Amino acid sequence: MTTSRISGFYNMTLEERRAKLADASPLTPPELAAWTSGGLSAEAADHMIENVVGLHSLPLGIALNFMVNGRDVLVPMAIEEPSVVAGASFMAKLARAGGGFTATTTEPHMIGQMQVINVVNLYEAKLKLYEHKAELLAEADSIDPVLKKFGGGARDLEVRVIEDSPIGGFLVVHLIYDVRDAMGANAVNTACERLAPKVEAITGGKVHLRILSNLADRRLARARCTIPVKELAFETTTQDGILRYSGEEVRDGIIAAYAFAAADPYRAATHNKGIMNGVDAVVIATGNDWRAIEAGAHAYAARSGRYTSLSTWGKDADGNLVGTLEMPMAVGIVGGATKVHPAAQAAVKLMGVKTASELAEIIVSVGLAQNLAALRALATEGIQRGHMSLHARQVAIAAGASGELIEKVASQMVAEKVVRIDRAEEILKELQA
């Protein structure tokens, strides 16, 4: 049985962590080995993209303590930025005290767009398309019998008139398509290609672009959590002594930090980037399209006409901290890299997900946890304290430190509050003298 609570995981060696993960998860030794080796050969990569010359690796860590919809989940995260995995894991631990994360998704409906230009009368053409709606949906529904077998297929057709553009007016036809457990780009693009001739015949215009939209606002993932206010209290040691924060102070600081992001797009961009630190890391680990997720998330954050926070933070009647996150989440567990990359397959199996919706629910929960980690740090001791201690190790290595010298150089830089390559080189020279 999978458990996401592994005590002392951070302090274990690499081999000890792998052994502990083998005990706590359903992964077999060959599946775990996919992460040890990077999971992909250059030969396999040569069939995935063009002009392959080799591989590029990212660290892969496991976020602990996650409970999503009452189920323990070990979450793989592929990311190069320090403090993200630790931050998400610690916030998941706090969320467990309030019941963990509750997450839901809408139906996996994607939008395919057809741009119809050279139309004589836009409004007449719009109504003609609606008159042939049943016929067009039936045609789209017949394209992919495998998808239809699993309950997917065409769901709706919508037509918009764009009156003012650099080329004048045109129609936009939206095909709403249920893609089930796929990300859906190939299925939707194929359906739009098939419908294009019929749309042209009905409207008398020309179908120019026909492509999936990454603003997947019909395919949303939502998560919420409640953090008991007492769990937020903590103390930390500074040069001036012990600094104590009450749960109420931390809660109110987090809510005030969220209010900044809600009101100001300059802050919202960084606030949402913190959410995406968690989201992207899981999306990459599972072989999904993180660029599509990023595009959809930021477009969704601006859907009101002003860019704002994707998450919300407030308090309940008992004074506990309550967070929510809603965002587009077009991820799949069939097709694409998810099915050909051994490391991605291991990531999906580790989380025990059987549907794309389950994967989306975990990802949005991780995004909310990572958002909380950043807000808590900003509202209390500052984002740099924990982040810099981890970043200092990278700087030490860049300066040429190895073995035990990495920690010695990093620790001295953190103590001096000067984490720079030139200082790392000076400290290293002193230690080696």
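The values are calculated or read from the model by the stated rules, or taken from the named source; none is laboratory data. The model shown is predicted, which means the values in this text are computed figures rather than measured ones. All Cβ positions, even for glycine, are placed from backbone atoms using ideal geometry, and neighbour counts span all protein chains on display.
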Scan the range 24-35 for residues that are under 23 Å from the mean Cα position of the chain (by Cα), under 22 Å from Gly8 (Cβ atoms) and assigned to a helix (DSSP H, G or I) and jot them down. Leu32, Trp35
Taking the residues in the range 228-256 that are exposed (fewer than 14 other Cβ atoms within 10 Å of the Cβ) and modelled with pLDDT of 95 or more as candidates, determine which candidate is farthest from Leu368 (Cα to Cα). Lys230
Residue pairs within 9 Å by beta carbon, gap of at least six or interchain, first lying in the range 205-218 and surrounded by fewer than 21 Cβ atoms within 10 Å (Cβ to Cβ), second hydroxyl-bearing (Ser, Thr, Tyr), listed first then second, are Leu215/Tyr300; Asp217/Tyr300; Arg218/Thr106
Kindly indicate whether Glu50 is of a type in the set (Asp, Glu), over 22 Å from the mean Cα position of the chain (by Cα) and assigned to a loop (DSSP other than H, G, I, E, B). yes
Residue pairs meeting the criteria (Cβ under 7 Å; at least 6 apart or on separate chains; first surrounded by fewer than 19 Cβ atoms within 10 Å (Cβ to Cβ), in the range 19-32; second of a type in the set (S, T, N, Q) and outside any helix (DSSP H, G or I)): Pro26/Thr2
Determine, yes or no, whether Glu294 is surrounded by fewer than 20 Cβ atoms within 10 Å (Cβ to Cβ), in contact with a helix residue (DSSP H, G or I) (Cβ under 7 Å, 6 or more places away or on another chain) and not aromatic (Phe, Trp, Tyr). yes
Criterion first (surrounded by fewer than 17 Cβ atoms within 10 Å (Cβ to Cβ) and either hydroxyl-bearing (Ser, Thr, Tyr) or within 17 Å of the chain's Cα centre (by Cα) (or both)) does Thr338 satisfy it? no
Of residues in the range 1-16 being surrounded by fewer than 17 Cβ atoms within 10 Å (Cβ to Cβ) and within 12 Å of Leu74 (Cβ to Cβ), the one modelled with the highest pLDDT: Arg5
Condition test on Ala360, is it at pLDDT 95 or above and either closer than 21 Å to Val75 by Cβ or of a type outside the set (A, V, I, L, M, F, W, C) (or both)? yes
Would you confirm, using the coordinates I've provided, whether Ala281 is out of contact with any Gly (no Cβ under 9 Å at 6 or more places or on another chain) and in a helix (DSSP H, G or I)? no
For the range 396-414, what are the residues that are loosely packed, with under 11 Cβ neighbours inside 10 Å and in a helix (DSSP H, G or I)? Glu404
Among the strands (runs of 3 or more DSSP E) confined wholly to the range 91-172, which include 2 or more residues that are farther than 22 Å from Leu215 by Cβ? 101-105
